[in-house]
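Student: Below you will find the structure I want to go over with you.
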Amino acid sequence: IQSHTQSHALLNQLSEEEVNYQVSMSFGLIEQNRGKRDVSVFSYPQFRDSNKTRKLLKELGVDLQITHLAKRRPKTTYDNVQRIHVTNDLNGEELVEKIKELTE
């Protein structure tokens, strides 16, 4: 279990203070209920990241930042990890097929 903001806020539209609040509160609640994380991972709501937010989250101690939808053979860095978008109607077989397409 990792962070996705306190209230699903779009971080690229917030002030530095609001970004700090959203991220700190989210990780704080997770740690309060699930314990301290060895690795801090943050997934941007609606993939709304920016150079500024990536820098701020790195300064806040976030180890990995999930920023965009995965594509075949993407360039991945610690502050730009791509993810698979799992919709509510996606079943397990479709998810496995999506993973295969991206990794083969």
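Student: Could you please give the count of residues in the range 1-28 that are within 16 Å of Gly61 (Cβ to Cβ) and in a helix (DSSP H, G or I)?
Tutor: 12
Student: In the range 56-96, how many are assigned to a loop (DSSP other than H, G, I, E, B), surrounded by 14 or more Cβ atoms within 10 Å (Cβ to Cβ) and touching a Lys or Arg at 6+ places or on another chain (Cβ under 7 Å)?
Tutor: Here the count works out to 2.
Student: Filter the range 30-52 for residues that are more than 22 Å from Val86 (Cβ to Cβ) and without any contact (Cβ under 8 Å) to a residue 24 or more places away in the chain; which is surrounded by the fewest Cβ atoms within 10 Å (Cβ to Cβ)?
Tutor: Ranking the candidates gives Asp38 first.
Student: Answer yes or no as to whether Leu102 is in a loop (DSSP other than H, G, I, E, B), more than 18 Å from Gln2 (Cα to Cα) and more than 11 Å from the chain's Cα centre (by Cα).
Tutor: no
Student: Within the range 53-62, how many residues turn out to be over 13 Å from the mean Cα position of the chain (by Cα) and touching a residue at least 40 places away in the same chain (Cβ under 8 Å)?
Tutor: Qualifying residue count, the range 53-62: 2.
Student: Sticking with this structure for a sec: For the range 4-19, indicate whether the set of residues that are closer than 22 Å to Leu102 by Cβ and either at pLDDT 95 or above or out of contact with any Asp or Glu (no Cβ under 7 Å at 6 or more places or on another chain) (or both) is non-empty.
Tutor: yes
Student: Within the range 38-52, take every residue that is outside any strand (DSSP E or B) and closer than 12 Å to Ser3 by Cα and give me the one that is nearest to the chain's Cα centre (by Cα).
Tutor: Only one residue fits best here, namely Tyr44.
The values are calculated or read from the model by the stated rules, or taken from the named source; none is laboratory data. Predicted model, so just to flag it, every value in this text is computed and none were measured. Here the Cβ is made from the backbone with ideal geometry for all residues, glycine too, and neighbour counts use every protein chain on show.
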